[in-house]
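Structure first, commentary second.
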């Protein structure tokens, strides 16, 4: 898959950046997202994916959704709802499967780690805000986020390589 990803990067980078820029409203942020997705996928062991371009597009869309979820304000929520409603059936199906795997992995985290992760990554709270609300130190928040990301990454990689 590495060769396919490299070829896709060469041939479709600008188109994928345009797609992400439409979702995020920022060309620079879009380029960062697209580059980050490709780098992440290149670091994974070979995955058995039938349609690499569709998979990469879904990964980019998911990363954009994460960014939009982290933004506060009604505008981001409206854009997120609009994007989800406009999803194609194929991408929607893949998204549902990815969401289910993520929710399962998230549910396997210890309660406090899960709570801290959700507050930061999905609700957009800063480490300082989380520490104040939960009456824990910022370094404890960092440890929970690190442990959550490590655990989620490992579980999701296992799910992808086992399918």
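The values are calculated or read from the model by the stated rules, or taken from the named source; none is laboratory data. All values reported here derive from a predicted model rather than from experimental measurement. No Cβ is skipped: glycine too gets one built from the backbone with ideal geometry, and neighbour counts run over all protein chains shown.
List of remarks:
- Condition check for residue 96 on (1) exposed (fewer than 15 other Cβ atoms within 10 Å of the Cβ); (2) at pLDDT 90 or above: one failure, at (2).
- Filter pass, residue 86 being at pLDDT below 65 and either crowded, with 16+ Cβ neighbours inside 10 Å or within 17 Å of residue 20 (Cα to Cα) (or both): yes
- Residues that are surrounded by 17 or more Cβ atoms within 10 Å (Cβ to Cβ), in contact (Cβ under 8 Å) with a residue 12 or more places away in the chain and not in a helix (DSSP H, G or I), drawn from region 109-130: 109
Residue-wise test of (1) closer than 29 Å to residue 133 by Cβ; (2) surrounded by fewer than 12 Cβ atoms within 10 Å (Cβ to Cβ); (3) out of contact with any strand residue (DSSP E or B) (no Cβ under 8 Å at 6 or more places or on another chain); (4) modelled with pLDDT of 80 or more.
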{"position": "17", "(1), (2), (3), (4)": "no, no, yes, yes"}
{"position": "27", "(1), (2), (3), (4)": "no, no, yes, yes"}
{"position": "35", "(1), (2), (3), (4)": "no, no, yes, yes"}
{"position": "45", "(1), (2), (3), (4)": "no, yes, yes, no"}
{"position": "55", "(1), (2), (3), (4)": "no, no, yes, yes"}
{"position": "65", "(1), (2), (3), (4)": "yes, no, yes, yes"}
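- Residue match in region 131-141 (condition: within 14 Å of the chain's Cα centre (by Cα), in a helix (DSSP H, G or I) and touching a residue at least 24 places away in the same chain (Cβ under 8 Å)): no
- Long-range neighbours under 6 Å by Cβ, at least six apart or interchain, first residue free of Cβ contacts under 8 Å to residues at least 24 places away in the same chain and assigned by TED's automatic domain parsing to the domain that holds residue 39 within region 3-20, second buried (at least 18 other Cβ atoms within 10 Å of the Cβ) and assigned to a helix (DSSP H, G or I): 17/30; 17/34
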